[in-house]
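One structure is given here, and the rest of the page talks about it.
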Amino acid sequence: MMHQKMTAITALEHSVEIKAVSKTFGSFHAVNNVSLPIRTGEFVTLLGPSGCGKTTLLNMVAGFIDPSAGAIHIGGVDVTDVPVHLRDTGMVFQSYALFPHMNVFDNVAFGLRQRKFSKSEVTHKVMQTIEMMKLSGMEGRRISQLSGGQQQRVALARAIAIQPKVLLLDEPLSALDKSLRAQMQVELIEMHRNTGLTTIFVTHDQGEALSLSDRIVVMNRGQIQQVAEPIDLYRNPANGFVASFIGEINALPAAIYQASDREISLAIGNIRMTAPRRAEWQFGQGEMVQAFVRPEHIRIATSADAGCNVVTGEVLTHIYQGSHTITRLRVDGLGPIEMRLPGGDVVGRVPVGMPTQIAFDLSQVILLADKSS
Amino acid sequence: MTRQRPFFVQFLVPAVLVAVIFAAAMFNVLKYSFLEFVPGSLNVGGFTLENFTRINRPIYYWVLLDTFILSFATAFFALLLSYPISFALVRAERNWVRSVLVVLAITPLFTGEIVRTYSWMLVLGSDGVVNTALKSLGIIDRSVPIMYTRVGVVIALVQFAMPVMIILLATAISQINRDCEKAAANLGATPNTVFWWVTIPLTLPGILSGFVVVFAWTMSAFSTPQLIGGGKVLMISNVVYLQGFSSFNLPFAAVLSLVALVAALGSLALMKLLTARLEQNMATS
Ligand SMILES: Nc1ncnc2c1ncn2[C@@H]1O[C@H](COP(=O)(O)OP(=O)(O)O)[C@@H](O)[C@H]1O
Ligand SMILES: [Mg+2]
């Protein structure tokens, strides 16, 4: 019976469907007409700046907040009016929200006990989960005796022990220090691979989103800006907000100077640059656009560049980061430009204040219509 | 650091004054308990241990036990009645509901103890509000005695203790990490289960401290059992009063006071021990 039910669910293409959901607080739209189907087994990340409505949306999926409009389906069933405790979601809170009056075992067992599993089944499932989350030997510990990373793992174990229809993670790593966060990211990926649980992960950290997700949902001011796979999102942001929010980027106001089948040439201030033409660009001559160039697509010019897409800039600062160096330059007519070069050689080669020739690699330039003009 | 010391010292002055006066009074009580009672005189005689041997009589054990039971019952019922009020006070969605509850909960603190006790006498008397209401509802034929009974005393003591209990519980309830309750619901717990398995345990420190404070406070209750008990319900303070101001046996009154003090401190220490262990277990997260 249980097995049949499981296969019925996995056979569903979408285990969660958010349908035109809105939430207003007074006259404020915290979530504005969001629609999002989530495939079974998928790891989806809600990414956006603080206050954009991620937590509100997640809480509506869990049932803690009633949507002002729209519907939420879980496992093919409309659960919009189903109370929290009957929704079968597993949530990990930013504060972990572990039960301080119970030990690790009882925390992990809590959900299973609500589901009326037999004592031996509870023990079996708890120990299995505890082992998977590398918590073996800590069953009897009090929550207050655990480190931050261990508490995080208990919170995860508690949520996945019930094998929920969807796992909901609200900025679960934000309270951890940097090295622990990197380690937990790896464990999250492993956990997802081991359990195959449909997962909605919330973060404001684009790096975290890029490294963990099957798909990223970028949100701003309660609205979805773009839904895409990480690489696609990085390469083809749908608008200026996404372009600036995902990774570092130089935004350059430009005009289309000439457009041919193979090339497009841009006037950026009084500088001219050419980029290979992309099929999706529909810009006419003279149209104002924003050109977005990633720092890693700018380098120190060499003779091989033959003056093509080369400008002269003055180095303002170097920010040495070990594996790479971020260099800020001022280019007349372009404003401040960020360049990213591997290693730290550039610090010695191009001292601060020195004028230097830099070359733009525009093979991956992002052009978006300039809405402001 | 050293430059700041004179600044802090001035804040200590009132506390030190109070402590000194209190210590002097306590010392006198202690001194009297070792002095001989001279019948028919307010003066006392020389050193004696007889006052302490006199306490070894069933009647005083009963009074002590009675005081203990009445205090325990008061703390228990005050807790039972205050918890829902505190809960509503903290969790009510609407501001005006909270305001009304705060006013209702706190105003009894500002009515004098005597006034309040007389009001209870009017309510609990054989022609009082309670009996009249029960009779007109046909629940009873004849007035049931509430005045001059333990029940009546406990009712008045509970009402006396509730504001403090409500404040302590409300503090505890407002400090819960509500994500814990959300997590429990999310894991499939019904609202009922969430309340008994998460909310109550998380507010246990507040429950215990409320209980301990009310218990200790009630141990020294005087005017309520005096007026509502009318001499038929004796708590330790009433016996001290009888000895000291009816029989003018100040040395024995002093001994009884000391016994009451030791009993109160003893039970406080015991409960503190329990609370400390609990709080240690619940620390952080
Ligand atoms: N209960 C509430 N009442 C009023 N405004 C709220 C409430 N909850 C959230 N908001 C507002 O809605 C917006 C989105 O909040 P939230 O979903 O927590 O954002 P995020 O998780 O993306 O940081 C914020 O501006 C927040 O102030
Ligand atoms: Mg949030």
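Quick notes on this one:
- Verdict on A:G111 being surrounded by 23 or more Cβ atoms within 10 Å (Cβ to Cβ), within 21 Å of A:S15 (Cα to Cα), free of Cβ contacts under 8 Å to residues at least 60 places away in the same chain and more than 16 Å from ligand 1 (Cβ to nearest atom): yes
- So A:T274, is it closer than 30 Å to A:L167 by Cα, among the β-branched types (V, I, T) and touching a residue at least 12 places away in the same chain (Cβ under 8 Å): no
- Of the residues making up segment B:161-191, those that are more than 14 Å from chain A (Cβ to nearest Cβ) and either without any contact (Cβ under 8 Å) to a residue 24 or more places away in the chain or hydroxyl-bearing (S, T, Y) (or both) are B:T171, B:S174.
- Here segment A:279-297 is the region considered, the condition is being under 22 Å from the mean Cα position of the chain (by Cα) and assigned to a strand (DSSP E or B), and the residue that is surrounded by the fewest Cβ atoms within 10 Å (Cβ to Cβ) is A:F292.
- Odd one out for A:L188 among (1) within 14 Å of another protein chain (Cβ to nearest Cβ); (2) more than 16 Å from ligand 2 (Cβ to nearest atom): (1)
- Single condition A:F201 does not satisfy, out of (1) out of contact with any strand residue (DSSP E or B) (no Cβ under 6 Å at 6 or more places or on another chain); (2) among the hydrophobic types (A, V, I, L, M, F, W, C); (3) within 20 Å of A:P37 (Cα to Cα): (1)
- The set of residues in segment A:68-102 that are polar (S, T, N, Q) and buried (at least 20 other Cβ atoms within 10 Å of the Cβ) contains only A:T89.
- For segment A:213-248, filtering for residues that are within 16 Å of ligand 2 (Cβ to nearest atom), buried (at least 22 other Cβ atoms within 10 Å of the Cβ) and part of a loop (DSSP other than H, G, I, E, B) leaves 1.
- Residue in segment A:29-43 that is surrounded by fewer than 20 Cβ atoms within 10 Å (Cβ to Cβ), away from ligand 2 (no atom under 16 Å from the Cβ) and either under 22 Å from B:A189 (Cα atoms) or within 14 Å of chain B (Cβ to nearest Cβ) (or both) present: no
- Subset of segment A:161-179 that is within 15 Å of ligand 1 (Cβ to nearest atom) and assigned to a loop (DSSP other than H, G, I, E, B) - its residue that is farthest from the other protein chains (Cβ to nearest Cβ): A:L173
- Looking only at segment B:40-92, and only at residues there that are of a type in the set (K, R) and under 27 Å from the mean Cα position of the chain (by Cα), the one that is surrounded by the fewest Cβ atoms within 10 Å (Cβ to Cβ): B:R57
- Those helices (runs of 4 or more DSSP H) of segment B:156-252 in which 3 or more residues are among the aliphatic types (A, V, I, L, M) and closer than 24 Å to B:E279 by Cβ occupy B:204-219.
- Residue among A:G70, A:G90, A:G41 that is in the same structural domain as A:Q206 (by TED's automatic domain parsing), in contact with a Gly (Cβ under 9 Å, 6 or more places away or on another chain) and not in a loop (DSSP other than H, G, I, E, B): A:G90
The values are calculated or read from the model by the stated rules, or taken from the named source; none is laboratory data. Model, not experiment: these values are computed from the prediction. Here Cβ is always computed from backbone atoms with ideal geometry, including for glycine, and neighbour counts include all displayed protein chains.
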